[in-house]
1. Quick check: pseudo-label points 7 Å beyond the Cα along Cα→Cβ at Phe62 and Trp42, how many nm apart are they?
2. Roll a 1.4 angstrom probe over the protein heavy atoms and tell me the percent of accessible area of the chain that is carbon or sulfur.
3. Using helices alone, I'd like the mean residue ellipticity at 222 nm for the chain: each DSSP H run of four-plus residues gives -39500 (n - 2.57), total over residue count, nearest 500.
4. Mind ordering 56-64, 38-46 by average Cβ neighbours within 10 Å, highest first?
5. Gain in length, Lys33 to Met1, computed as 0.36 nm per residue apart minus the alpha-carbon separation, to one decimal in nm?
6. Rg and Dmax of the chain, Cα atoms, in Å?
Amino acid sequence: MAWNIKLKRVYEPAQADDGLRILVDRMWPRGIKKSDLKFDLWAKDVTPSLEARRFFHDNPYFIFAV
């Protein structure tokens, strides 16, 4: 079975063919009311911690190897 995954910014309008909409961010997006955003699941527990977000924000050129 093949999965068709689309990535969209939260500020893009919802469309009928979006399918399951999952918000993947730890913090609620600025300027959007919860009642206005069309989403099925808010997966904030799978996102980086606030400390990691701060680190990558402060070090935008940080490169790591796997």
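1. 2.6
2. Working: 3690 of 6330 Å².
About 58 percent, which is the carbon plus sulfur part of the accessible surface.
3. It comes out at -4000 deg cm²/dmol, rounded to the nearest 500.
4. 38-46, 56-64
5. Values: separation 32, 0.36 × 32 = 11.52 nm, distance 3.57 nm.
Difference between extended and current length: 8.0 nm.
6. In Å, with Rg to one decimal and Dmax whole: 14.7, 40.
The values are calculated or read from the model by the stated rules, or taken from the named source; none is laboratory data. Values in this document were obtained by computation on a predicted structure and should not be read as measured data. Ideal geometry is used to build each Cβ from the backbone, glycine not excepted, and the neighbour counts take in all protein chains shown. Accessible surface areas use protein heavy atoms only, side chains included; no ligands, DNA or RNA. Shrake-Rupley method; radii C 1.70, N 1.55, O 1.52, S 1.80 Å.
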